[in-house]
Amino acid sequence: MRRPHEDPELLALVRRYVAPDRRYLKLGGSLARMNESERGTFLRRLGADAGDITPRELAVLLEGGWRERRTAAWLIAVARRTEFRERLGEMLLASEVGFAGTAYCVTLATFATPDDAELLAAYLDRYLRRPDLYWDQPSAIGALVHLDARLGADRASRFLTADGLWHQWIDGPPHKEHHTTPDNYRGAIGELCGFVDESAEHCPSRCRTRM
């Protein structure tokens with residue numbers, strides 16, 4: 001893992017794309033809590049940066065810590081840089097750092113192809129078997145249910161049967177919240193995908209051609 005204080009190249013990218021206004025902290029649920037004006041300004045700037053950053057610079061950010069990876073994933077989503085699909089799927093499955101997995105799930109949900117659904121299903125196949133790990137399982141199931149609705153598919157159902165892996169995970173120790181359902185997580189992922197789409201409207205034309 002590359003660290004900004006040891007890596008001048010990464011540090012320059014953090015200062016340009018990650019740190020301004022603590023962007024890395026706002027990429028997620030915080031967006032929903034902003035007022036309309038604040039969110040509009042934030043998403044316009046994010047869209048502009050998604051058009052400016054190069055694939056090599058994104059790859060460098062993905063070698064950093066959770067702040068860099070979360071930010072890179074959102075910039076990838078906004079610019080629809082689907083060439084990073086497999087890389088993000090591998091990073092989601094590896095789960096090397098915390099606080100970035102939801103961003104990977106949002107990006108895959110934004111790409112919205114069967115390949116993205118398969119990557120989410122692979123994560124769930126592995127980590128729903130680990131009730132001791134409360135990582136990105138809720139985001140992944142929400143993203144997969146979201147994609148099922150968009151694609152007219154049914155990949156999530158095998159996880160959600162009464163004796164399926166989702167219930168085995170959520171009922172297993174340690175205690176987990178039961179009142180929040182996969183449909184709730186689907187709604188949260190859908191809202192974040194909506195913010196990505198709004199930001200993409202402010203991405204230069206070379207980004208929008210990927211949509």
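Candidates Arg80, Arg56, Arg67, Arg44: the one that is on the phi > 0 side of the Ramachandran plot and either open to solvent by 10 Å² or more (accessible area, probe 1.4 Å) or of a type in the set (A, V, I, L, M) (or both) is Arg80.
For Ala94, the criteria (1) touching a residue at least 12 places away in the same chain (Cβ under 8 Å); (2) within 22 Å of Gly65 (Cβ to Cβ) hold in every case but one, which is (1).
Restricted to the stretch 14-41, and to residues there that are open to solvent by less than 40 Å² (accessible area, probe 1.4 Å) and closer than 19 Å to Val97 by Cα, the residue that is modelled with the lowest pLDDT is Gly28. Among the residues of the stretch 31-40, is any touching a residue at least 12 places away in the same chain (Cβ under 8 Å), charged (D, E, K, R) and farther than 29 Å from Leu124 by Cβ? So far as the stretch 31-40 goes, yes, one or more of its residues are touching a residue at least 12 places away in the same chain (Cβ under 8 Å), charged (D, E, K, R) and farther than 29 Å from Leu124 by Cβ.
Here is a yes/no grid of residues against (1) under 26 Å from Gly172 (Cβ atoms); (2) assigned to a helix (DSSP H, G or I); (3) in contact (Cβ under 8 Å) with a residue 40 or more places away in the chain; (4) more than 13 Å from the chain's Cα centre (by Cα):
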{"site": "Arg67", "(1), (2), (3), (4)": "no, yes, yes, no"}
{"site": "Thr102", "(1), (2), (3), (4)": "yes, yes, yes, no"}
{"site": "Asp115", "(1), (2), (3), (4)": "no, yes, no, yes"}
{"site": "Ala121", "(1), (2), (3), (4)": "yes, yes, no, yes"}
{"site": "Leu133", "(1), (2), (3), (4)": "yes, no, no, yes"}
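Within the stretch 135-173, the set of residues being open to solvent by 30 Å² or more (accessible area, probe 1.4 Å), under 19 Å from Gly194 (Cβ atoms) and β-branched (Val, Ile, Thr) is empty.
The values are calculated or read from the model by the stated rules, or taken from the named source; none is laboratory data. This is a predicted model, so every value here is computed, not measured. Cβ: placed from backbone, ideal geometry, glycine included. Neighbour counts: every protein chain shown. Keep in mind that these areas ignore ligands, DNA and RNA; they rest on the heavy atoms of the full protein, side chains included. Shrake-Rupley method; radii C 1.70, N 1.55, O 1.52, S 1.80 Å.
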